[in-house]
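Novice: Take this structure first; my questions come after.
Just so it is clear, none of the values below were taken in a lab; they were calculated from the coordinates. This structure is a prediction, so every number in the text was calculated from the model and none was measured. Here Cβ is always computed from backbone atoms with ideal geometry, including for glycine, and neighbour counts include all displayed protein chains.
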Amino acid sequence: MLAAAAVVFGPACATKKYVRTTIDERVAPLEGRTEELEQSVARNTSAIRDLDTRLSARIDTVSARAEEANTRAQAAERKAEEAQLGVERTNARLTETARAVDDFIEVRTVSVYFQTNRYDLSPEAKAELDALAEIAKSRRGIRIELSGFADRRGSEAKNLTLTENRAKAVKLYLYNVHKIEPWRIEYIGAGKINDNARTPEELQRNRRVDVRLLANRVVTEAEGGNPGP
C-alpha cells in the first residue's frame with residue numbers, strides 16, 4: 001500500500017516542484033527587472049529634484065539680476081531726468097542773463113556837429129564829449145552808440161564814407177582821451193539825410209554824430225534804479 005501511495009504521489013510532487021522551479025525561474029528575472037526599474041526611477045527622481053533645485057537657483061539668480069538691472073535702469077532714468085532739469089534750468093538762466101546783457105536804457109544823448117566835408121572835432125564837440133565821458137566813467141555797464149550823418153548834398157557813396165569817418169573820429173576821441181574801452185563803443189555811418197533842409201543852419205544840423213550813452217538795466221537797478229546822470 002505504501003508502495004502504491006508512493007507511486008500515486010511521486011509524480012504529483014515532482015510536478016509541483018517543477019512548477020515552483022519554473023515559476024521561480026520566471027519570477028526571478030522579473031523581480032530583478034523590477035528592482036532595476038525602481039532604482040532607475042529613484043535615480044531619475046533624484047536627478048529631477050537636483051535639476052529642479054539648480055533651475056530654481058538659476059531662476060532666483062536671474063530674477064535677482066533682473067531686479068538689480070531694473071533698479072539701475074530706474075536710477076539712471078532719474079539721473080537723466082535730473083540732468084535734463086539741470087540743463088533746462090541752466091538754459092533758462094542763460095536766456096535770462098542774455099536778456100539782461102542786452103537790456104540797456106538810455107542815460108543821455110548828445111549831438112556833435114561838423115563843418116562841410118570835414119570830420120575833425122571842433123572845440124565845442126570835444127566839450128560835449130568830455131561832459132558825456134565823465135558821466136560814462138562814473139557808471140558801470142555802459143555802452144555808447146554813435147550814428148554819423150551828413151546833409152543832403154553830395155553823392156551817397158561819398159557821404160557814407162564821410163559819416164563813417166565822423167563817427168569813427170568820435171570813438172577815437174573817447175578812447176584816446178577818456179580811455180573808454182573800444183568794445184563799449186559801436187559806430188555806424190548812416191549817410192546823408194534827405195530832407196528839405198535849405199538854410200546853412202538847417203544843413204548844419206544834419207552834419208552831425210548822435211552820441212547815445214546807454215546803461216545796462218540790471219546794473220542800473222542794482223545801483224538805485226536811476227537812469228540819469
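Novice: Report whether or not Asp151 is under 15 Å from Leu132 (Cα atoms), buried (at least 16 other Cβ atoms within 10 Å of the Cβ) and either out of contact with any His (no Cβ under 9 Å at 6 or more places or on another chain) or of a type in the set (Val, Ile, Thr) (or both).
Specialist: Numbers: under 15 Å from Leu132 (Cα atoms): no; buried (at least 16 other Cβ atoms within 10 Å of the Cβ): yes; either out of contact with any His (no Cβ under 9 Å at 6 or more places or on another chain) or of a type in the set (Val, Ile, Thr) (or both): yes.
Here the answer is no, as Asp151 does not meet what is asked.
Novice: Okay, moving on. Given the conditions (1) of a type in the set (Lys, Arg); (2) touching a Ser or Thr at 6+ places or on another chain (Cβ under 7 Å); (3) more than 23 Å from Glu124 (Cβ to Cβ), which single one is not true for Arg217?
Specialist: Arg217 satisfies all of (1) of a type in the set (Lys, Arg); (2) touching a Ser or Thr at 6+ places or on another chain (Cβ under 7 Å); (3) more than 23 Å from Glu124 (Cβ to Cβ) except (2).
Novice: Within the range 180-219, track down each residue that is of a type in the set (D, E, K, R), in a loop (DSSP other than H, G, I, E, B) and without any contact (Cβ under 8 Å) to a residue 24 or more places away in the chain.
Specialist: Glu181, Arg198
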